[in-house]
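K.L.:
Would you mind keeping the following structure in view while I ask a few things?
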Amino acid sequence: MANTTAMANAIRALAMDAVQQANSGHPGAPMGMAEMAVALWSRHLRHNPANPQWADRDRFILSNGHASMLNYAVLHLSGYDLSMDDLKKFRTLHSKTAGHPEVDLTPGVETTTGPLGQGITNAVGFALAEKLLAAEFNRPKHKIVDHHTYVFLGDGCLMEGISHEAAALAGAWKLNKLIALYDDNGISIDGQITPWFVDNTAERFKAYQWNVIGPVDGHDVDAIDAAIAAAKTSSDKPTLVICKTHIGKGSPNRQDTSKAHGEPLGADEIALVREGLQWSHAPFEIPQDVYKDWDAKTVGAKTERSWQTRFNAYAKAHPELAAEFTRRMAGELPANFHQVVVDSIIDAHTKQEKVATRKASQIALEAFTKALPELLGGSADLTGSNLTNTSSTPALRFDAAGNVVKTEAGQIGRHINYGVREFGMAAVMNGVALHGGYIPYGGTFLTFSDYSRNAIRMAALMKRRVVHVFTHDSIGLGEDGPTHQSIEHAASLRLIPNLDVWRPADTAETAVAWAEALLQKDRPTALLLSRQAVPYAAKKDVADIKRGAYVLSEPADIGLKQAAQAVILATGTEVALAMQAQQLLAERGVAVRVVSVPSTNAFDRQDTKYKTKVLPEKLPRIAVEAGVTDFWWKYGCAAVVGIDRFGESAPAGDLFKFFGFTPENIANTVQLALQKRA
């Protein structure tokens, strides 16, 4: 029988030794959650260290990511490709053991955590994806999707407001295979939390329609084991297991204090811990009998083989479904997707409709959601404004028993009503994307991207395909006023590494933006879309739109047989104004090129030859965008027509005139720039 005390103490020893060697880190939480890890990882978690990516594994998420050494310790001990040398390199440059867990860096880590509250919200996304895939692919006598999502979280996660958004959604969606273990130790960086954290957590989660177990003794492996077993019997509710623990368990002078939280224990204290735990082994030394108790390779391989046998039988009975499941879990698009893209762009270019780009987005989505059953949409209570629903995406609903409601045709709902939960929506979408099987997208107003910004950043950091549909992208939304009018948002989103931002000007550019968002497997995308209608920008060719910027109109295209004297760069709704300014300048004898820049991020990735072709170095550049001007100076602009203050409440037409977004002002700005250069 396994020595659970030694198994837990191995985690404690590795945590305090690694933090001490790095002279940086958080030993207290891993030491306090050690028995929780023993109970889950050795008695319940279905996983295979030799293949961390097999489709039906249980998912484990450490929401309180500062306790990363707990994650690294159990991965190492149970047999993952994480060596003792890797643990010794904790928090060092280019190691597999970063300060907070990072997906794709460390084998067995499912998501990048650290910003508190987002891990539990990712977990909701994981559990939702599991439930929807099960409803979509499982068949009588063939259950190929059947796993749990486990998450450890602490007081900090529960204090963050996003945990409310996530827990409420999990309850509404009846995610019974989501099991959260709460490390209830009552300590945070500032000390005892009682003066500032007075929530009745059990009653709070019961109000969310969760199953609540405990408090249980968080240092009693058998008690935690029993609680998890009970949680797994829930058929219609997620479960919170409250585990009362001691932070820094085993440290005579640091246990139950904030000093155990975020700093090394020190050599003297570590010696006392070893003595108290009767752990006589040297730093980073684990006895073979402890390794044997932790080893999950044999059981893990057997568990995966059993699933593979079931999947093979499923594939024989339902070959098309099996092939589709395999494709989607691999994140590959259907073979006909390229043709769907071509048809959508040609259709937009042929019809040349004058619509708002939010409507152009819905038009593109009609084609893409029909072709891609993995597209899982939604909106933060703004469906009628964001236009993220299509004829192929009925509303997602669950019945009283917790089952996914299907249409008469047997299809699951693919449009999620997230409610007014922008941050929660963004982090849930990250979890869905991390799980695999779906490509999530969700909508809100651009100005509310502020609420979800950190989750957008996390998607970019994790290199996950998530699509944010941001409508009402400027002062053009009109009367709702400055609280809703985006000024700095486009520029600030463009600053996030690995995030593609598209602000298309018409239906063709919007179709291209959507296609590129779906083709990019390793980055998220933000689509910035207008409330107001815009004319189609006549173009000779659509091939270069995907390059982020392209020559939309030359002087000759409007009958002026002169070489361009300047270049106007414009995005979104301002492209139409730039085209009008080009005509006005032509009447004044001034020849200009108009360049549409739907995505500065995509354009910046182009080679120098293409960039120079679009923006010749000898021509002065004038940028036009209804947003802050600072961003555009990096392109060597001679002038920028923008807005560096908050907006006003008035009709859109009045606002554009007031703030200088008129053909006349653009033309005058171009001429002034030319005069200064002369």
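The values are calculated or read from the model by the stated rules, or taken from the named source; none is laboratory data. Since the model is a prediction, treat every value here as computed from it, not as a measurement. Counting neighbours? That spans all protein chains shown, and the Cβs are built from the backbone with ideal geometry, glycine included. For accessibility, only protein heavy atoms count, side chains too; no ligands or nucleic acids. Shrake-Rupley method; radii C 1.70, N 1.55, O 1.52, S 1.80 Å.
K.L.:
What angle, in degrees between 0 and 90 and rounded to the nearest 10, separates the Cα long axis of helix 337-351 from the longest principal axis of the Cα atoms of the chain?
P.N.:
30 degrees
K.L.:
Quick one: accessible area per residue over the range 95-235, 1.4 Å probe, rounded to a whole number of Å²?
P.N.:
Numbers: 4760 Å² over 141 residues.
I get 34 Å² per residue for the range 95-235.
K.L.:
Rounded to the nearest whole Å², what accessible area per residue is found for the range 373-511 with the 1.4 Å probe?
P.N.:
29 Å²
K.L.:
Hey, got the dipole for the chain? About the Cα centre, +1 on K and R Cβ, -1 on D and E Cβ, debye to the nearest 20?
P.N.:
1640 debye
K.L.:
When only Cα pairs under 8 Å and 6 or more residues apart are kept, what is the percent relative contact order across the chain?
P.N.:
Result for the chain is 12 percent.
K.L.:
Below 15 angstrom from the Cβ of R204, what's the summed charge of the other residues (Lys, Arg +1; Asp, Glu -1)?
P.N.:
Its environment carries a net charge of -4.
K.L.:
Would you work out if the range 1-95 is rounded, prolate or oblate? Take a ≥ b ≥ c from the square roots of the eigenvalues of the alpha-carbon gyration tensor; rounded if a/c is under 1.5, else prolate when a/b is larger than b/c, oblate otherwise. Before the final figure, lay out each step's value.
P.N.:
Values: a/c = 1.72, a/b = 1.27, b/c = 1.36.
Cα axes put the range 1-95 in the oblate bin.
K.L.:
Next up: Using unit Cβ charges (K, R positive; D, E negative) and no other charged atoms, how large, in debye to the nearest 20, is the dipole of the range 558-678 about its Cα centre?
P.N.:
The calculation lands at about 620 debye.
K.L.:
Sticking with this one: Nothing charged except the Cβ atoms of Lys and Arg (+1) and of Asp and Glu (-1): what's the magnitude of the dipole of the range 11-115 about its Cα centre? Round to the nearest 20 debye.
P.N.:
140 debye
K.L.:
Within the set of other residues whose C-beta is less than 12 Å from the C-beta of P264, count the net charge using Lys and Arg as +1 and Asp and Glu as -1.
P.N.:
Overall, the nearby charge balance is -1.
K.L.:
Test of understanding: given the chain, find the longest segment containing no chymotrypsin sites (Phe, Trp or Tyr not before Pro) that are in a DSSP loop and have at most 14 other Cβ atoms within 10 Å.
P.N.:
With a cap of 14 other Cβ atoms within 10 Å, the longest stretch comes to 285-645.
K.L.:
Calculate, in whole percent, how much of the Cα-Cα pair population of the range 523-655 lies beyond 21 Å.
P.N.:
41 percent
K.L.:
Taking R0 as 51 Å, what's the FRET efficiency between K354 and R204 from their Cβ-Cβ distance, rounded to 0.05?
P.N.:
That pair, K354 with R204, gives E of 0.55.
K.L.:
Which of these values of Cα Rg over 2.2 N^0.38 Å was calculated from the structure shown: (i) 1.06; (ii) 1.20; (iii) 1.01?
P.N.:
The listed entry that was calculated here is (i).
K.L.:
Also: Can you sort D256, D190 by 1.4 Å-probe accessible area, starting with the largest?
P.N.:
D190, D256
K.L.:
Before I look further, what does the range 548-678 give for accessible area per residue, probe 1.4 Å, in whole square angstrom?
P.N.:
For the range 548-678, the solvent-accessible area averages 43 Å² per residue.
K.L.:
To test your reading of the geometry: what angle, between 0 and 90 degrees and rounded to tens, separates the Cα axis of helix 162-172 from the longest principal axis of the chain?
P.N.:
80 degrees
K.L.:
For I61, what residues show an amide H to amide H distance below 5 Å, using hydrogens built from the backbone and excluding near sequence neighbours?
P.N.:
Distant-sequence amide H within range of I61: Y150, V151, F152.
K.L.:
On to the next question. So what is the calculated 222 nm ellipticity per residue for the chain, using -39500 (n - 2.57) for each DSSP H run with n of 4 or more, over all residues, to the nearest 500 deg cm²/dmol?
P.N.:
Value at 222 nm, helices only: -12500 deg cm²/dmol.
K.L.:
If contacts are Cα pairs under 8 angstrom and at least 6 residues apart, what is the relative contact order of the range 134-218 in percent?
P.N.:
Value for the range 134-218: 29 percent.
K.L.:
Using the beta-carbon distance between N23 and Q192 and R0 = 30 Å, what value does 1/(1 + (r/R0)^6) give for FRET efficiency, to the nearest 0.05? Spell out each step's value before the answer.
P.N.:
Working: r = 26 Å, r/R0 = 0.87.
It comes to 0.70.
K.L.:
Figure the gain on full extension for D557 and D220 (residue separation times 0.36 nm, minus the Cα-Cα span) and round it to one decimal in nm.
P.N.:
Here the segment from D557 to D220 would lengthen by 113.5 nm.
K.L.:
Roughly how tilted is helix 357-371, in degrees to the nearest 10 and between 0 and 90, from the longest Cα axis of the chain?
P.N.:
Orientation of helix 357-371: about 60 degrees from the principal axis.
K.L.:
Sticking with this one: Identify the trypsin sites (Lys or Arg not before Pro) of the range 103-201 meeting these criteria: DSSP loop state and at most 15 other C-beta atoms within 10 Å of the C-beta.
P.N.:
Within the range 103-201, the qualifying trypsin sites (Lys or Arg not before Pro) (loop, at most 15 other Cβ atoms within 10 Å) are K141, K143.
K.L.:
Once amide H atoms are built 1.01 Å from N in the peptide plane, which residues 5 or more positions from Q562, or in another chain, come under 5 Å H to H?
P.N.:
Counting only residues 5 or more places away or on other chains, the set is A556.
K.L.:
Does the range 551-625 come out rounded, prolate or oblate by the C-alpha gyration tensor, with a ≥ b ≥ c the root eigenvalues, rounded set by a/c under 1.5 and, if not, prolate when a/b is larger than b/c and oblate if not?
P.N.:
On the way: a/c = 2.32, a/b = 1.43, b/c = 1.63.
Since a/c reaches 1.5 but b/c is at least a/b, the shape of the range 551-625 is classed as oblate.
K.L.:
Set Lys and Arg Cβ to +1 and Asp and Glu Cβ to -1, take the dipole of the chain about its Cα centre, and tell me which of L672, P616, I496 lies farthest positive.
P.N.:
In the chain, that residue is P616.
K.L.:
Considering only DSSP states other than H, G, I, E and B, which GluC sites (Glu not before Pro) in the range 355-419 qualify as loop sites with at most 14 other Cβ atoms within 10 Å? List each step's numbers first, then the result.
P.N.:
Working: sites: E366, E374, E408; in loops: E374, E408.
Qualifying residues, ordered by number: E408.
K.L.:
Which shape class applies to the range 618-678: rounded if a/c is under 1.5, otherwise prolate when a/b exceeds b/c and oblate if not, where a ≥ b ≥ c are the square roots of the Cα gyration tensor eigenvalues?
P.N.:
Oblate shape, in that a/c is at least 1.5 and b/c is the bigger or equal ratio.
K.L.:
Right, here's the next one. Taking the dipole about the Cα centre of the chain, with the C-beta of Lys and Arg at +1 and of Asp and Glu at -1, give me whichever of Y438, M7, N312 is farthest to the positive side.
P.N.:
Of the listed residues, the answer is N312.
K.L.:
Kindly provide the GluC sites (Glu not before Pro) of the range 462-556 that DSSP labels as loop, not H, G, I, E or B, and whose Cβ sees at most 15 other Cβ atoms within 10 Å.
P.N.:
Values: sites: E479, E488, E509, E516; in loops: E479, E488.
The qualifying sites are E479.
K.L.:
Counting only protein heavy atoms and a 1.4 Å probe, tell me what percentage of the chain's accessible area is made up of carbon and sulfur.
P.N.:
Answer for the chain is 51 percent, counting heavy atoms of protein chains only.
K.L.:
To the nearest 10 square angstrom, how much accessible area does S95 have with a 1.4 angstrom probe?
P.N.:
Here the accessible area works out near 10 Å².
K.L.:
Once the other residues with Cβ under 12 Å from the Cβ of K540 are scored (Lys, Arg +1; Asp, Glu -1), what is the net sum? Walk me through the numbers on the way to the answer.
P.N.:
On the way: positive: K539; negative: D541, D544, E554, D557.
Summing Lys and Arg as +1 and Asp and Glu as -1 gives -3.
K.L.:
Another one. Let me have the relative contact order for the range 553-678, percent, based on Cα pairs under 8 Å that are six or more residues apart.
P.N.:
Dividing the mean separation by the residue count of the range 553-678 yields 27 percent.
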